[in-house]
Structure formats: structure tokens, C-alpha cells
1. When you check Tyr68 against the structure, is it surrounded by 19 or more Cβ atoms within 10 Å (Cβ to Cβ) and either hydroxyl-bearing (Ser, Thr, Tyr) or more than 22 Å from Ala26 (Cβ to Cβ) (or both), yes or no?
2. Is it the case, given these coordinates, that Gly73 is surrounded by fewer than 14 Cβ atoms within 10 Å (Cβ to Cβ) and not β-branched (Val, Ile, Thr)?
3. Which residue pairs have Cβ atoms closer than 7 Å, lie 6 or more positions apart in sequence or on different chains, and pair a first residue in segment 32-44 that is in a loop (DSSP other than H, G, I, E, B) with a second residue that is hydroxyl-bearing (Ser, Thr, Tyr)?
4. Got at least one residue in segment 30-50 being closer than 21 Å to Val4 by Cβ and in contact with a Gly (Cβ under 6 Å, 6 or more places away or on another chain)?
5. Just give me the residues in segment 1-15 being exposed (fewer than 15 other Cβ atoms within 10 Å of the Cβ) and assigned to a strand (DSSP E or B), in sequence order.
6. Kindly provide the set of residues from segment 45-68 that are in contact (Cβ under 8 Å) with a residue 24 or more places away in the chain and more than 27 Å from Gly17 (Cβ to Cβ), ordered by number.
Amino acid sequence: MLLVASYLAPSTIHGIGVFAANFIPANTIIWEFNPAVDWRMTADEVAAFPEPYRSAFTAYIYVDDEGYYVLCGDNARYFNHSTTPNCDDAGAYTRTLRDIQAGEELTCDYFVFDQITRQHGIEVTSFVKL
């Protein structure tokens with residue numbers, strides 16, 4: 001669950017991105033998993049979803065280090081990948097690596113937290129295969 005105000009807008013990186021609504025200082029925790037908002041599921045649980053729902057949300061799922069499929073239930077699902085991200089996802093939280101200005105896109109490195117990206121590369125991240 002995002003812990004800071006954000007909004008969605010067209011991204012110069014890819015499609016739609018999530019943007020900071022206000023200034024965010026460096027080292028601020030901006031996201032944490034919250035089961036009231038975010039889903040953590042097994043591959044079988046994801047596969048059990050009927051179409052078209054499964055296809056609609058698998059583009060936003062990542063696979064954590066324990067093999068669970070995680071779907072952020074808020075704007076956090078729109079974080080775009082960057083090789084020079086302004087946020088760090090190492091550990092249980094996402095935090096800012098530097099000051100983030102209001103209106104700046106929030107980015108992360110998918111290779112840090114997503115098994116699919118690490119195994120298959122960035123181009124398949126939008127196409128989770130169960």
C-alpha cells in the first residue's frame with residue numbers, strides 16, 4: 001500500500017506511471033505490503049481466477065523471493081522499471097533513494113524484487129505465464 005499521495009498519468013517510460021503528488025524526502029518509506037489492500041497469492045490461486053479477470057491483472061503481478069504472486073491494490077501497481085530508479089525495493093518496504101519532487105514519476109528496478117524479470121528479462125514482465 002502506498003503511504004504517500006500519488007496520481008496516475010502518462011509516462012515517458014511506458015504507458016501509465018505513478019507520480020508523486022507532493023515532495024517526498026530521501027529515505028522515506030513510501031510503500032509496504034498491506035493485506036487489506038494488496039494480494040499475495042500462490043500460482044494455483046492466480047490460475048483459479050476466471051478470464052477475463054486473470055489476464056486483466058497479471059500484467060501488474062510480480063513474483064516475490066518466496067515465490068508468491070503479489071498484486072498491489074492501489075497506484076503502486078503502476079511503478080515503471082528504471083535502471084536508475086528513484087526508489088529502492090530491497091527488503092520489506094519501498095523507500096526513496098533521493099528527494100522526489102512533486103510531479104516526478106516514481107520508479108523502481110524490477111530486477112531487485114521480481115523473479116519473473118530476473119529469470120526472463122524486462123520484456124516479459126507484462127506477460128506472466130502461470
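1. Working: surrounded by 19 or more Cβ atoms within 10 Å (Cβ to Cβ): no; either hydroxyl-bearing (Ser, Thr, Tyr) or more than 22 Å from Ala26 (Cβ to Cβ) (or both): yes.
Spelling it out, it is not the case that Tyr68 is surrounded by 19 or more Cβ atoms within 10 Å (Cβ to Cβ) and either hydroxyl-bearing (Ser, Thr, Tyr) or more than 22 Å from Ala26 (Cβ to Cβ) (or both).
2. Values: surrounded by fewer than 14 Cβ atoms within 10 Å (Cβ to Cβ): no; not β-branched (Val, Ile, Thr): yes.
No; evaluated as a whole, the condition is false for this residue.
3. That search, which allows pairs on different chains as well, returns Thr42/Tyr68.
4. The answer is yes; a qualifying residue exists.
5. At the first step, the residues of segment 1-15 found to be exposed (fewer than 15 other Cβ atoms within 10 Å of the Cβ) are 5, 7-10, 12-15.
Passing the criteria: Tyr7, Leu8, Ala9, Pro10.
6. Of everything in segment 45-68, those that are in contact (Cβ under 8 Å) with a residue 24 or more places away in the chain and more than 27 Å from Gly17 (Cβ to Cβ) turn out to be Glu45, Ala47, Gly67.
Values quoted throughout were computed directly from the atomic coordinates according to the rules given, and no laboratory measurement underlies them. Values in this document were obtained by computation on a predicted structure and should not be read as measured data. A quick note on method: Cβ atoms are made from the backbone with ideal geometry, for glycine too, and the neighbour counts reach across all protein chains shown.
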